[in-house]
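Before any comments, here is the structure.
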Amino acid sequence: MPFTPRVFSGIKPSGDLHLGNYLGAIRRFVPLQDTHETIYCVVDMHAITVWQEPEDLRRWTYEIAAAYIASGLNPERSIIFNQSQVVEHAELSWIFNCVARMGWMARMTQFKDKAGENSEHVSLGLFAYPSLMAADILLYKSTGVPVGDDQKQHLELTRDIAKKFNHDFRKQIKSLGFDEEYFPHTESMVTGPATRVMSLKDGKKKMSKSDASDMSTIYMMDDADTISKKIKRATTDPEPLPSEAAGLEGRAEASNLVSIYAALADRSVDDVLREFGGAGWGTFKPALADLAVSVLSPIAGEMRRLVGDKPEMDRILRNGADRARAIAVPVMDEVRQIVGFVR
Ligand code: AQP
């Protein structure tokens, strides 16, 4: 039985949204509405794998849903909801905890980065995070996941979990009338420039919600002056811009700013360098600042309007959760039968 081309992705409400979330994820979500069934989630259960103030969690949940819509997602076409309203995510994740192996989880570089020296004291949820992510994706039998480059390893693990489930339960899957696979092979959709936006202060570090320095991160809700100030103070090297991409080799900060420009302008890096090759930062940074403001400011304005209308946001999230459940409930019914749970 062929799988419906269906896209799932999500963002954690664990801080203010930034340019990396926008370019690496949200902006890529929008055109997929034309070609796929699309499901975009605010993954609040992922956020609590590290401590969140409940009031902040609620505020960021609304903010992400608002960013989705303000960036061009249509809640009538895409399913937009927050994860905790569809309890089936938690149930499938538990089953996947029993399919996945400890060794698979222990190899996840994001866990190692986040836990650091402190791995004995972080939550069990942080360790099991990729299993919940696999459940998010496979609950809807999603075939594609648009994510930033940093999530590639988690997607490989999602495929491993699906493969092992399909293999371990192949007899039961067949007896339910499925040919071979119950869960599909999920492709990661990571393409184009700025799949990994780096910190403005350190070109080797990912731009992140949890970065302690405000100046390294452009937030989606930053005003025009703040965006310009951050770009003008971004770390660079003394060399002018090269005229082709190969000239950015070994220049992490320069490469980051050019990639951001290319992604915001919807152009290739080579094309941007054809225009700016030979120019100094005094020319390039103001051009980048103007471009970033022209893209982000209208979105921020619309986000502010939407988060100010809580009843409307609640209606959208509830409606999205109802539509998500309409797909998830029959899948979980089958999964329970496959696993052998008595109902
Ligand atoms: N710097 C980035 N460049 C490109 N894409 C990025 N994403 C995150 N940072 C960058 C993409 O945004 C989506 C949502 O990410 P998430 O919030 O679920 O988790 P994350 O990747 O851990 O994001 P942060 O901002 O770094 O959050 P914290 O600091 O709380 O861990 C994903 O598709 C991700 O690839």
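Please treat every number below as a calculation from the coordinates, not as lab data. If you're wondering where the values come from, they're calculated on a predicted model, not measured in any experiment. Positions of Cβ are backbone-derived with ideal geometry, glycine not excepted, and every protein chain shown enters the neighbour counts.
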Against the longest alpha carbon principal axis of the chain, how many degrees, from 0 to 90 and to the nearest 10, is the axis of helix 124-138 turned? 80 degrees
Segment 39-84: which chymotrypsin sites (Phe, Trp or Tyr not before Pro) are DSSP loop and have at most 11 other beta-carbon atoms within 10 angstrom? TRP51
222 nm [θ] for the chain, helices only, -39500 (n - 2.57) per DSSP H run of 4+, per residue, to 500? -16000 deg cm²/dmol
Helix 252-265 against the longest principal axis of the chain: what's the angle in degrees, Cα atoms only, rounded to the nearest 10? 80 degrees
Mind listing the phi-derived Karplus ³J(HN,Hα) values for segment 197-208, rounded to whole Hz, using 6.51, -1.76 and 1.60 with θ = phi - 60°, and x for any glycine or proline? 7, 9, 4, 6, 9, 8, x, 9, 10, 5, 5, 8
When the distances between all Cα atoms of the chain are binned every 10 Å from zero, what whole-number percent does each bin get? 5, 24, 31, 24, 12, 3, 1
Report the net charge of residues surrounding VAL43, where surrounding means a beta-carbon distance below 11 angstrom and charges are Lys +1, Arg +1, Asp -1, Glu -1. -1
Spelling it out for MET189: with amide H atoms placed in the peptide plane at 1.01 Å from N, the residues 5 or more places away or on another chain with amide H under 5 Å from its amide H are VAL145, VAL147
Low-density loop trypsin sites (Lys or Arg not before Pro), segment 111-170, at most 10 other Cβ within 10 Å, DSSP non-H/G/I/E/B, are none
Reachable aspartates and glutamates, given that their alpha-carbon falls under 18 Å from the alpha-carbon of LYS112 and they are not under 8 places away in the same chain: GLU120, ASP149, ASP150, GLU156, ASP211
Expected sort for 295-308, 258-271 on mean C-beta neighbours within 10 Å, highest first, is 258-271, 295-308
Give me, ordered by chain and number, the residues 5 or more places off GLY10 or on other chains with an amide H under 5 Å from its own placed amide H. CYS41
In the neighbourhood of PRO238 defined by beta carbon distances under 14 Å, the net charge of the other residues (Lys, Arg +1; Asp, Glu -1) is -1
List the GluC sites (Glu not before Pro) within segment 24-105 that fall in a DSSP loop (any state other than H, G, I, E or B) and whose Cβ has at most 16 other Cβ atoms within 10 Å. GLU76
With a Förster radius of 25 Å, plug the Cβ-Cβ distance of TRP104 and ARG170 into 1/(1 + (r/R0)^6) and report the FRET value to the nearest 0.05. 0.80
GNM, the chain, Cα, under 10 Å: largest mean-square fluctuation among ARG318, ARG59, ARG107? ARG107
What pairs from LYS163/LYS204; LYS229/LYS310; LYS114/LYS230; LYS114/LYS171 go past 29 Å between their alpha carbons? LYS163/LYS204; LYS229/LYS310; LYS114/LYS171
Karplus-derived 3J(HN,Hα) from phi for segment 67-83 (6.51 cos²θ - 1.76 cosθ + 1.60, θ = phi - 60°), whole Hz, x at Gly and Pro, runs 5, 4, 6, 5, 7, x, 6, 9, x, 7, 9, 7, 8, 10, 7, 9, 3
